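Notes to accompany the following structure.
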Amino acid sequence: MATSKSKSSIPQGKILQLPSDEAVKWVKNMLDTSATFKLIYDYFIKKGYTFYPERAKVFVNIARSGEDEVVPSVLGILPSFVPTTSADDSHPAVGISIHHSGYAIATSVNVSHRPFGVTEFTLHEVEPKTKKVVTSTLSTEEIGRESVNELAKRMHTPFVPKKGAEVSKEERKKINSFSAIDPGEQGLLINSVVQQLLADNYSRSLFPPQYARALNTQTPTFQKFAFVTRERFQGTVLGVTLSSSTSTSSNICTSTSTSTIEI
């Protein structure tokens, strides 16, 4: 089993990153087939954001399902690009995450340039019945100060049935299709995406080296926000799925967080 010496690499055999050309094809296909992804994508396009498919990152994860079976799961991340320079006071950014089931979610951030760093995170999720985008915002200071459990209580409730609720066979089948990723591997995945986006030509051409250094130091904050968005699912039927696995991290939640920012 091949492994990389880089601390930000993805462990082979458990999480595998697709090559760039395959990632682009996968994300474009999901945009054509996932109504939720298309809705969130169009929502941000109307707000003036731009998305370059070649910046997409896609990962295949081998993990445990709700029925404790080893199954593959695919997660894609499409970051935005907002033309800006270090001369500006700040810039907004967003990243959309897509699960192979069609579930999609986004996180937007405000990136300050004086000093460099993310100052707040906003979770964007589609309410299935109304098709409207619901949001919850946490500041970087709040994330650093409060516990994951307390922060999760301040976010909007995910749109899945509560624990103990009756669900149809079709709903149960869909619930059991979500697999669980180990929290440690989730942290590595987030770190890897941060490193890759900071190193690409879009980011390097606009900002000085201290920009990348500043955002690198915030990786633990990105990871904690990921755990907060995941924690929201406790007390739901997906919480049951999580507790039946060796992990407490569901891909439906991971997709909210994998450094879903344009940096």
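So here's what we get for this one:
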| read-out | value |
| --- | --- |
| Violating pairs (Cα-Cα greater than 22 angstrom) within the set 129/163; 25/173; 131/162; 38/163 | 25/173; 38/163 |
| Spin-label pair residue 217/residue 89, simplified geometry with 7 Å Cα→Cβ offset, distance in nm | 2.3 nm |
| Solvent-accessible surface ranking, highest first, for 131, 224, 169 at 1.4 angstrom | 169, 131, 224 |
| Share of carbon and sulfur in the accessible heavy-atom surface of the range 105-148 [1.4 Å probe, %] | 52 percent |
| Where labels lie 7 Å past Cα in the beta-carbon direction, separation of residue 167 and residue 62 in nm | 2.6 nm |
| 17 Å reach of a label modelled at residue 22, 7 Å along Cα-to-Cβ, counting backbone N of the range 89-112 | 100 |
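The values are calculated or read from the model by the stated rules, or taken from the named source; none is laboratory data. From a predicted model like this one, the values you see are computed outputs, not experimental measurements. In this analysis, Cβ positions are derived from the backbone assuming ideal geometry, glycine residues included, and neighbour counts consider all displayed protein chains. Please note that ligands, DNA and RNA were not included when accessible areas were found on the heavy atoms of the full protein model with its side chains. Shrake-Rupley method; radii C 1.70, N 1.55, O 1.52, S 1.80 Å.
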